[in-house]
1. Quick check on my filter: what residues within segment 2-34 are hydrophobic (A, V, I, L, M, F, W, C) and without any contact (Cβ under 8 Å) to a residue 12 or more places away in the chain?
2. Pick from segment 40-57 the residues that are surrounded by 14 or more Cβ atoms within 10 Å (Cβ to Cβ) and among the aliphatic types (A, V, I, L, M): which of them is farthest from P7 (Cα to Cα)?
3. Could you grab me the full set of residues in segment 8-42 that are over 9 Å from the mean Cα position of the chain (by Cα), acidic (D, E), closer than 18 Å to T72 by Cβ and in a helix (DSSP H, G or I)?
4. Might you let me know whether segment 35-48 holds any residue that is touching a residue at least 40 places away in the same chain (Cβ under 8 Å) and charged (D, E, K, R)?
Amino acid sequence: MADKFDPYREALIVETATVWPEGTELDPRHQAELETLLHASPEEADQLEYVRTHTGFCRQIVVSEEDIDRVTS
């Protein structure tokens, strides 16, 4: 279940994760660039999750086609 953007948890982010749709085949450098863009504006992600870790939170974005369109336009 997706979470809403939470400024409090954002301040405690210690790592990020990106889940790509099955079958996504991108050049690794291009994929890394897209991940950077997606995590630069997490409040705009379609599916955002905060996963509790021992030292804070991991921001996980489950990438949708809309997310890809948004960051590549």
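1. Once the filter is applied, which keeps residues that are hydrophobic (A, V, I, L, M, F, W, C) and without any contact (Cβ under 8 Å) to a residue 12 or more places away in the chain, segment 2-34 yields A11, L26, A32.
2. Checked segment 40-57; the qualifying residue farthest from P7 (Cα to Cα) is A45.
3. E33
4. The answer is yes, given that some residue of segment 35-48 is touching a residue at least 40 places away in the same chain (Cβ under 8 Å) and charged (D, E, K, R).
The numbers here are math on the coordinates, done by the rules we state, and not lab data. Bear in mind the structure is a predicted one, so any value in this text is a computation, not a measurement. Counting neighbours? That spans all protein chains shown, and the Cβs are built from the backbone with ideal geometry, glycine included.
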